[in-house]
Every structure is written in C-alpha cells, then in structure tokens.
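Values quoted throughout were computed directly from the atomic coordinates according to the rules given, and no laboratory measurement underlies them. This structure is a prediction, so every number in the text was calculated from the model and none was measured. Because the Cβ atoms are built from the backbone with ideal geometry, glycine has one as well, and the counts that use them run over all protein chains shown.
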Amino acid sequence: MKDLLNKLPAKTRRALIGFVGWAVLLLGVVMIPYPGPGWVVVFIGLSILATEFDWAKRFNDILRAKYDAWSDWLKGQPLYIKAVFWVLTAVTVIVTVWVLNGYGLINSWFHLNQHWLNSPFVR
C-alpha cells in the first residue's frame, strides 16, 4: 500500500491521506461517547494524518498524553465516580437509540403500540 501511495504525485497523495485521515478522525470523534473503540479510531485518524502533516503528529502526542492522564485519574477514583461515568455512557446510548428510532422499530415489529418509543423525528 505504501508503494502505491508513493507512486502518486505529492499533492494527490497529501489530499488523499488528508481526506481519509479526517474521515477516520471525525468518525472516531462521533464514537467517543459510546462504548467501544472511539478513542482508538481517533488515534488511528490522527496517525493517518501524521504521515503527511506535522501538526497531526504533535496533536496526536498531546492527545495521547491527556488521554493517558484521564485514564489514570479515572482508575484511581472510587467506585461511585466510575459508576457515574458508566451511567452517563448508558444514558447517551439509550437516548441515541431512541432518537435514531431503534425502539420505534422494535415497537412496530412487535406491535407494542407504545407511541412514546418512537423517535420525535419519525412521528
């Protein structure tokens, strides 16, 4: 893959890496509040951008240090603080599924007739 990229003209390669890197980075940012690999995807996006852009390398290093500090801080907190973050994550997921009409689909599939399960954007 690297050989293929190296055969491209410099401006084309830079634009392609910029587009792919930003797409991956933005996807990761959207994924951050949900359980799963949100931060990993952010770091992958920044790593892609860092192959062509010096600012991305510096930002990736700073962000990794901040993320590690946050992770270490959270590990040292009492259980009730950790529970607050798990509850906030769960609420974020529940609300997102509702807004995207996930519960509305279940409502229609099983004929539950619970109209409050439908997203306010689908009514």
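The angle between the Cα long axis of helix 79-99 and the longest principal axis of the Cα atoms of the chain comes to about 80 degrees, rounded to the nearest 10. Shape analysis of the chain places it in the oblate category; the axes a ≥ b ≥ c from the Cα gyration tensor give an a/c of at least 1.5, with a/b not above b/c. Taking a ≥ b ≥ c as the square roots of the eigenvalues of the alpha carbon gyration tensor, the stretch 78-123 is prolate, as a/c is not under 1.5 and a/b beats b/c. For the stretch 17-75, trypsin sites (Lys or Arg not before Pro) are listed when DSSP marks them as loop and at most 10 other Cβ atoms sit within 10 Å of their Cβ; the list is empty.
The amide H of ASN101, built 1.01 Å from its N in the peptide plane, has SER119 as neighbours under 5 Å, considering only residues 5 or more places off or on other chains.
Karplus-based coupling profile of the stretch 20-25, in residue order and whole Hz: 5, x, 5, 4, 5, 4, with θ = phi - 60° in 6.51 cos²θ - 1.76 cosθ + 1.60 and x standing for Gly or Pro.
What is the angle, in °, between the Cα long axis of helix 38-50 and the longest principal axis of the Cα atoms in the chain? Nearest 10 is fine, range 0 to 90. It is inclined by approximately 20 degrees.
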